[in-house]
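In what follows, a structure is listed as structure tokens, so that the remarks can point back to it.
The values are calculated or read from the model by the stated rules, or taken from the named source; none is laboratory data. Note that the structure is a prediction, hence the values are computed from the model and not measured. Counting neighbours? That spans all protein chains shown, and the Cβs are built from the backbone with ideal geometry, glycine included.
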């Protein structure tokens with residue numbers, strides 16, 4: 001009997017439904033190739049458009065279904081002209097992180113052979129690292145609760161031992177996993193601003209404590225400003241980076257720029273019992289309904305979901321399908337005749353996903 005996994009699906013706003021549909025089709029195509037697992041998709045309402053019509057951005061029923069699901073697949077949420085009364089954007093994805101305690105934001109940065117990176121790579125220089133962003137605390141801790149007066153505005157930066165210990169354990173274990181597979185160099189860098197802020201000195205101290213339990217991995221430190229510089233000058237030196245919430249938010253977009261844009265940037269927010277997988281980009285309402293959105297980041301996020309489910313449930317076929325889906329995307333991404341408009345091509349969302357499906361058949 002196949003193992004069945006329930007996937008809570010949040011189509012979201014803007015281009016969200018347009019990139020979700022072909023992604024689900026590709027997942028259905030993969031599961032038809034095996035009797036080891038199956039996927040059941042449960043579409044859950046949430047987002048800015050839902051809020052505009054109902055006054056709820058994340059209905060309790062959707063939260064309950066997400067909590068009960070084996071994984072959560074999310075497209076994009078938020079619209080610039082739909083906001084809460086305090087002026088902040090509608091962002092149920094952040095509420096999901098908080099309620100499900102998804103402390104590890106995983107942002108892979110990979111430049112495949114022949115991509116449209118703005119960098120000039122020479123010889124065997126390759127970019128393949130993972131940025132891990134703490135996703136529940138940091139400068140995002142007081143979101144919606146900051147104090148604002150006529151003369152002053154204050155937000156709270158929060159770093160706790162409980163969350164940071166789990167974050168660093170996750171990061172070191174990922175570095176060990178990458179090293180065993182031959183993918184990484186066995187190094188991990190704590191990115192902070194410990195020379196200025198006591199909170200980051202504490203963050204670094206907790207990192208060093210966890211490093212004592214992972215002797216096979218080399219732990220390094222770097223200030224966030226220097227890291228931003230090195231990500232442009234010599235990104236091939238990195239393996240695993242781990243940092244605070246706001247720093248990770250900024251650096252992950254820089255990482256997307258190295259890959260050629262947010263259209264190639266997947267992500268996962270992972271906790272001890274739950275995980276959300278979503279593209280790093282937004283809802284792009286300016287092109288919604290035109291059928292030209294880039295589906296790559298959404299598809300790559302689904303590949304990360306397959307890898308996570310397969311690894312946690314000891315199903316090698318899911319891990320293999322994850323790699324096949326990832327390879328198919330990168331094969332299409334470097335072909336000018338098959339790419340969408342944001343990567344210089346002229347293909348629609350559906351046509352681009354169709355090319356991924358064709359490439360996927362070659363890896364089956």
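Only residues that are within 30 Å of residue 364 (Cβ to Cβ) and either assigned to a strand (DSSP E or B) or under 21 Å from the mean Cα position of the chain (by Cα) (or both) were counted across the range 27-60, and they come to 8.
Please state which one of 290, 306 is crowded, with 24+ Cβ neighbours inside 10 Å and either more than 21 Å from the chain's Cα centre (by Cα) or modelled with pLDDT of 95 or more (or both). Walk me through it before giving the result.
On the way: 290 fails: crowded, with 24+ Cβ neighbours inside 10 Å.
Selected residue: 306, the only one of 290, 306 that is crowded, with 24+ Cβ neighbours inside 10 Å and either more than 21 Å from the chain's Cα centre (by Cα) or modelled with pLDDT of 95 or more (or both).
Taking the listed residues 20, 77, 63, the one that is closer than 25 Å to residue 318 by Cβ, assigned by TED's automatic domain parsing to the domain that holds residue 279, within 20 Å of the chain's Cα centre (by Cα) and touching a residue at least 24 places away in the same chain (Cβ under 8 Å) is 20, with no other qualifying.
Scoring residue 259 on the criteria (1) surrounded by fewer than 20 Cβ atoms within 10 Å (Cβ to Cβ); (2) out of contact with any helix residue (DSSP H, G or I) (no Cβ under 8 Å at 6 or more places or on another chain) leaves a single failure, condition (1). If the condition is being within 23 Å of the chain's Cα centre (by Cα) and assigned to a helix (DSSP H, G or I), then the range 137-173 contributes 162, 163, 164, 165, 166, 167, 168, 169, 170, 171, 172, 173. Scan the range 25-37 for residues that are touching a residue at least 24 places away in the same chain (Cβ under 8 Å) and over 13 Å from residue 310 (Cβ atoms) and the total you get is 5.
Does residue 138 fit the bill of being in contact with a helix residue (DSSP H, G or I) (Cβ under 6 Å, 6 or more places away or on another chain), in contact (Cβ under 8 Å) with a residue 40 or more places away in the chain, on the phi > 0 side of the Ramachandran plot and outside the structural domain of residue 94 (by TED's automatic domain parsing)? Even if it seems obvious, please write down each step before you answer.
Working: in contact with a helix residue (DSSP H, G or I) (Cβ under 6 Å, 6 or more places away or on another chain): yes; in contact (Cβ under 8 Å) with a residue 40 or more places away in the chain: yes; on the phi > 0 side of the Ramachandran plot: yes; outside the structural domain of residue 94 (by TED's automatic domain parsing): yes.
So residue 138 fits the description; yes.
This table checks each residue for (1) in contact with a strand residue (DSSP E or B) (Cβ under 6 Å, 6 or more places away or on another chain); (2) free of Cβ contacts under 8 Å to residues at least 24 places away in the same chain; (3) over 14 Å from residue 107 (Cβ atoms); (4) assigned by TED's automatic domain parsing to the domain that holds residue 80.
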position: 260; (1), (2), (3), (4): no, no, yes, no
position: 277; (1), (2), (3), (4): yes, no, no, yes
position: 285; (1), (2), (3), (4): yes, no, yes, yes
position: 298; (1), (2), (3), (4): yes, no, yes, yes
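Residue 185 falls short on exactly one of the conditions (1) at pLDDT 95 or above; (2) more than 20 Å from residue 143 (Cα to Cα), and that condition is (1). Looking across the range 187-201 at every residue that is within 20 Å of residue 104 (Cβ to Cβ) and outside any strand (DSSP E or B), the one that is farthest from the chain's Cα centre (by Cα) is identified as 199.
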